[in-house]
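The values are calculated or read from the model by the stated rules, or taken from the named source; none is laboratory data. Model, not experiment: these values are computed from the prediction. Heads up, the Cβs are rebuilt from the backbone with ideal geometry, glycines too, and the neighbour counts pull from every protein chain shown.
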Amino acid sequence: MQDWFNDAKLGIFIHWGIYAVHRRGGESWPIVRGDVSYDDYMSQMDGFTASHYDPDGWANLFIKSGAKYAVLTTKHHDGVALWPTRQDGPSIPNQTDIPDLVAGYVDAMRRKGLKVGLYFSHTDWSNLDHMSVITGKSPDELLELRKECVKFVGLWTKHQKDVDLSDSPKHQAAWQRFLDFHRSQLTEILSNYGPIDLIWFDVLLQRAGFDYKTAELCNHIHSISRTTVINSRLDEHGDYETPEQFIPVHPPAGPWELCMTTNNTWSYTGREEKYKTPYEIIVMFCECLGMGGNMLLNVGPDESGDIPAQQVEILETLGAWVSKHEEAVHGTVRGLPHGYAYHSTSLNKVRNTIYLYLAHTPKEATPIKGIKNEIKAITVLGTNTECSYKRIGGAAWIGVPGTLWVDVPKEILDTNVTVLKVELDGPLDLYGGEGVEIEVN
């Protein structure tokens, strides 16, 4: 794990591919859900223009949002590459007059100082060797099925349950060809554009007796770039956890990142309605900060490369909040355990300052329990307004501190989330912890 990842806190996910043309939603999943035939799905290649693709504009927006890294879908499960792959698979630059989209993205992010992440799906529904093993169908049968709307999900689920192919030399050879293809494409994106900061894997679709040899794959990645961070979708060989679309109740044990959409889809459909409000996004971001994690917030450009206006507005509003509360965002660490405050909290790295993210306005004052330190000052971040406070209760004779009650001036509350800065007289000295009981004689 690299220090930059733990300090970054905010990244931008970009789901962009030919699935934006017909705007069905679900990215490439309609192929295997039987919503559309494979051949019809692939016809979207003709409508993907990238005519407004402006990676420098994207980078400027991401920086404005407060993000420190970005992750682009170089290849979704449909197998369509955004770079001119040398392997036998569909590729936008190879099949159209559109240039290498990954190169433009990588160059722009680097110029603007953003860390570069590349998404790569293990699964490839265009690869006949892969699909032959997963479904048990021959390549010729698959080519015929591609003309129809087929629920491949049900097909491979039933076949894998009913049939053991692990002793089939033919299918083992097909799987090895797929692994060679898989490794070759991955080597291309890790080698063609200089050291890649992060690789974001997805959907490790396999069956019993056929595995991805993930330990070897991890070693292969680090043989190309020792500093590349790997997400958790590589069995136990990833560097951090990636909960998707839900915030953990309790923080994962190590580094982690919440993957979250701005609406209810990852990719562009042109009919997104259920957008999260900037307030909701910021509150979720504060929860991530409080548990020591990152947020990877998704945008879905249309087929031309334009990011929808609503998503731009969310990123800009988030960025204004981050700018105002910078010291409570980047470089912070996990805050107080659950139960010590009614709001999410984080700490600075030397642990002598608590940042409390006041997502809801208290009726009178807001309490913080268990702080044994003396308080140097409590201020409203971004305003330098001092807050009055008092301690209530406590049992000094057994070392139990009173509860700290902090008054927050209503007139200086932030439009979204107010942040209190609680400065301590030294590193945090916290009473109690999980399972601690107080004996009262």
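Name the pairs whose Cβ atoms lie under 9 Å apart, with the first residue in the stretch 236-248 and aromatic (Phe, Trp, Tyr), the second surrounded by fewer than 17 Cβ atoms within 10 Å (Cβ to Cβ), and 6 or more positions between them or separate chains?
TYR240/MET1; TYR240/PRO252; TYR240/GLY254
Keeping to the stretch 399-421, report how many residues are among the polar types (S, T, N, Q) and part of a strand (DSSP E or B).
Selection size over the stretch 399-421: 2.
Among (1) surrounded by fewer than 22 Cβ atoms within 10 Å (Cβ to Cβ); (2) over 22 Å from ASP202 (Cβ atoms); (3) of a type outside the set (A, V, I, L, M), where does GLY25 come up short?
(2)
Which one of these is over 27 Å from the mean Cα position of the chain (by Cα), modelled with pLDDT under 95, surrounded by 12 or more Cβ atoms within 10 Å (Cβ to Cβ) and over 16 Å from TRP125 (Cβ atoms): GLY209, GLY154?
Among GLY209, GLY154, only GLY209 is over 27 Å from the mean Cα position of the chain (by Cα), modelled with pLDDT under 95, surrounded by 12 or more Cβ atoms within 10 Å (Cβ to Cβ) and over 16 Å from TRP125 (Cβ atoms).
Going through the stretch 308-317 one residue at a time, which ones are touching a residue at least 60 places away in the same chain (Cβ under 8 Å) and buried (at least 22 other Cβ atoms within 10 Å of the Cβ)?
So in the stretch 308-317, the residues touching a residue at least 60 places away in the same chain (Cβ under 8 Å) come out as 312, 315-317.
The one that is touching a residue at least 60 places away in the same chain (Cβ under 8 Å) and buried (at least 22 other Cβ atoms within 10 Å of the Cβ): LEU315.
Give the stretch 289-307 a look and list any residue that's out of contact with any Leu (no Cβ under 6 Å at 6 or more places or on another chain) and closer than 16 Å to LYS64 by Cα, or say none.
Selection gives LEU296, LEU297, ASN298, VAL299, ILE307.
Which of (1) more than 23 Å from PHE5 (Cα to Cα); (2) in contact (Cβ under 8 Å) with a residue 60 or more places away in the chain; (3) in contact with a Lys or Arg (Cβ under 8 Å, 6 or more places away or on another chain) is the odd one out, the single condition VAL329 does not satisfy?
So VAL329 meets the others, but not (1).
Please verify whether the stretch 15-26 includes one or more residues that are within 17 Å of the chain's Cα centre (by Cα) and among the hydroxyl-bearing types (Ser, Thr, Tyr).
no
Any residue at all in the stretch 101-120 that is within 27 Å of the chain's Cα centre (by Cα), assigned to a helix (DSSP H, G or I) and closer than 14 Å to TYR38 by Cβ?
Among the residues of the stretch 101-120, not one is within 27 Å of the chain's Cα centre (by Cα), assigned to a helix (DSSP H, G or I) and closer than 14 Å to TYR38 by Cβ, which makes the answer no.
Name the single residue, out of those in the stretch 348-363 being touching a residue at least 40 places away in the same chain (Cβ under 8 Å) and closer than 18 Å to ASN384 by Cα, that is farthest from the chain's Cα centre (by Cα).
Step one: of the stretch 348-363, the residues touching a residue at least 40 places away in the same chain (Cβ under 8 Å) are 350-359, 361-362.
Right, trim to closer than 18 Å to ASN384 by Cα and you get 352-358.
Working: ASN352: 29, THR353: 27, ILE354: 26, TYR355: 23, LEU356: 24, TYR357: 21, LEU358: 24 Å.
Per the criteria, the residue is ASN352.
What single numbered condition from (1) surrounded by fewer than 17 Cβ atoms within 10 Å (Cβ to Cβ); (2) among the small types (Gly, Ala, Ser); (3) modelled with pLDDT of 95 or more fails to hold for SER346?
Tallying (1) surrounded by fewer than 17 Cβ atoms within 10 Å (Cβ to Cβ); (2) among the small types (Gly, Ala, Ser); (3) modelled with pLDDT of 95 or more, SER346 fails exactly one: (1).
Does at least one position in the stretch 309-320 carry a residue that is modelled with pLDDT of 95 or more, assigned to a loop (DSSP other than H, G, I, E, B) and closer than 30 Å to THR383 by Cα?
no
Name the one entry in GLY432, GLY370, GLY399, GLY394 that is farther than 18 Å from HIS325 by Cα, in contact with a strand residue (DSSP E or B) (Cβ under 6 Å, 6 or more places away or on another chain), surrounded by fewer than 18 Cβ atoms within 10 Å (Cβ to Cβ) and outside the structural domain of PHE285 (by TED's automatic domain parsing). Working first, answer last.
Values: GLY432 fails: in contact with a strand residue (DSSP E or B) (Cβ under 6 Å, 6 or more places away or on another chain); GLY370 fails: surrounded by fewer than 18 Cβ atoms within 10 Å (Cβ to Cβ); GLY399 fails: in contact with a strand residue (DSSP E or B) (Cβ under 6 Å, 6 or more places away or on another chain).
Going through GLY432, GLY370, GLY399, GLY394 in turn, the sole match is GLY394.
Just need a number here: residues in the stretch 46-77 that are more than 16 Å from the chain's Cα centre (by Cα) and in a loop (DSSP other than H, G, I, E, B).
The number of residues fulfilling the criteria is 8.
Hey, can you tell me all the residues within the stretch 341-367 that are among the aromatic types (Phe, Trp, Tyr) and either in contact with a Lys or Arg (Cβ under 7 Å, 6 or more places away or on another chain) or over 16 Å from ILE378 (Cβ atoms) (or both)? Show your work before the answer.
Within the stretch 341-367, the subset among the aromatic types (Phe, Trp, Tyr) is 342, 355, 357.
Listed by number, the list holds a single entry, TYR355.
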